[in-house]
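Here it is, the structure in full.
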Amino acid sequence: MKIAKKIGIVLLILIAIPLIAALFVPKKFNAESEITINKPRQEVFDYIKFIKNQENFGVWYRMDSTMKKEYEGSDGTVGFTYKWNGEKMGEGKQIITNIVEGEKIESDLDFGFGDAAHAYLSVEEISPDETLVKWGITGKTPYPWNLMSLFFDMSKDFEEGLKNLKDVLENQQSSHTMKKVQYTINIKASAEKVYKTMLGIDNIKTYEQWTAAFNPTSTYEGKWDKGSKIYFVGTDEDGRRGGMVSEVREIIPNKFVGIVHYGILDGDNEITEGAEVEKWAGAHENYSYEENNGITTVTIDIDVTEDFIDYYNTTCPQALEKLKNICESK
């Protein structure tokens, strides 16, 4: 009995020691790492804003081959939810809570216990072809789980993940490199009239008329509001619906419209990853309007892959001529 009693006392001490130690370990935690990536700031941001892309550089996604993943919402937009469940990584979820365009993406991480942690990825331009990327997290771990902070350093995981990100972005195949093309036309109409006609603000048919140069069934679904998702769609020769999944990046009425394309629409299905998407994901399409003495100069800037340059060189001037005719005939 004495031996059993001693064993019991020893076991109690072994259990008590970490519980006591946890009383003196901070419950709040934070970690951050940074790296310089030799790519333009916007290109880096357009990649990191999609949570699914973290599978390509985050170390945690490589630790558990049993991990099952679920997605809710549109990646790269506030409210998108990424859920995981695996033998090693357990169960949890990540929700995009805030996006500062071209600067930062913030999210909440729920590990299944305690309050959700706050994670962020930010970008800062060092030079036109250099970007400083910071990846960090802040949060609070409940007692006694706070003791675990003594045994791992999340900053090292972020550091390794950022090295992976640098490798991914700096070694993308040149076939995926975008080239910017520009088209301009002068229209005898006010900037307001050209802007509304071009976007179909008052009547979507005016948008459909000038974009028919690209596809006779061309139209859009969505709103011209900053941060809004918008579909640019049409049907092919077989009557199948398809197009692009995009975001209205910036909009200044009668002055500027900025669009970024990040996915493909196949029927009713959004495709935001894979080889076909990667060729042009993050491509920008901008419209600028400058009025002078009753003449509005419209400028279109588009990021395209090399194999589409000839196509745009043919169709975009035709589309702008149609826009000019519509505006000047009313």
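For residue 57, state whether it is at pLDDT 55 or above and touching a helix residue (DSSP H, G or I) at 6+ places or on another chain (Cβ under 6 Å).
Yes, satisfied.
Do we have residue 300 as more than 22 Å from residue 71 (Cβ to Cβ), surrounded by fewer than 19 Cβ atoms within 10 Å (Cβ to Cβ) and of a type in the set (A, V, I, L, M) here?
no
Could you tell me whether any residue of the stretch 86-108 is under 20 Å from residue 269 (Cβ atoms) and of a type in the set (Ser, Thr, Tyr)?
no
Any residue at all in the stretch 276-296 that's under 18 Å from residue 180 (Cα atoms), surrounded by fewer than 18 Cβ atoms within 10 Å (Cβ to Cβ), at pLDDT below 90 and acidic (Asp, Glu)?
Taking every residue of the stretch 276-296 in turn, at least one turns out to be under 18 Å from residue 180 (Cα atoms), surrounded by fewer than 18 Cβ atoms within 10 Å (Cβ to Cβ), at pLDDT below 90 and acidic (Asp, Glu).
Report whether or not residue 36 is over 22 Å from residue 258 (Cα atoms), at pLDDT 85 or above, under 17 Å from the mean Cα position of the chain (by Cα) and β-branched (Val, Ile, Thr).
no
Taking the stretch 78-124 as the region of interest, how many residues are surrounded by fewer than 18 Cβ atoms within 10 Å (Cβ to Cβ), closer than 21 Å to residue 39 by Cα and not charged (D, E, K, R)?
Total meeting the criteria: 3.
Being assigned to a loop (DSSP other than H, G, I, E, B) and closer than 18 Å to residue 195 by Cβ is the filter; apply it to the stretch 210-254 and report the residue that is nearest to the chain's Cα centre (by Cα).
By that ranking, first place goes to 228.
Scanning for something assigned by TED's automatic domain parsing to the domain that holds residue 310, among the polar types (S, T, N, Q) and either touching a strand residue (DSSP E or B) at 6+ places or on another chain (Cβ under 7 Å) or under 21 Å from residue 48 (Cβ atoms) (or both), does the stretch 186-199 turn up at least one residue?
yes
Further, regarding this structure: Within the set of pairs 6 or more residues apart or between chains, which connect a residue that is more than 19 Å from residue 258 (Cβ to Cβ) and in contact (Cβ under 8 Å) with a residue 12 or more places away in the chain inside the stretch 202-231 to a residue that is part of a loop (DSSP other than H, G, I, E, B) and not charged (D, E, K, R) with Cβ atoms less than 8 Å apart?
The qualifying pairs are 206/200; 212/218.
In addition: Is the stretch 261-270 home to any residue that is at negative phi, touching a helix residue (DSSP H, G or I) at 6+ places or on another chain (Cβ under 7 Å) and touching a residue at least 24 places away in the same chain (Cβ under 8 Å)?
no
OK, next. Restricting to the stretch 189-207, name every residue that is out of contact with any Lys or Arg (no Cβ under 8 Å at 6 or more places or on another chain), loosely packed, with under 14 Cβ neighbours inside 10 Å and not in a helix (DSSP H, G or I).
203
Further question: Tally time: how many residues in the stretch 217-240 are surrounded by 15 or more Cβ atoms within 10 Å (Cβ to Cβ) and of a type in the set (Lys, Arg)?
Selection size over the stretch 217-240: 1.
The values are calculated or read from the model by the stated rules, or taken from the named source; none is laboratory data. From a predicted model like this one, the values you see are computed outputs, not experimental measurements. Note that each Cβ is placed from the backbone with ideal geometry, even for glycine, and that neighbours are counted across all protein chains shown.
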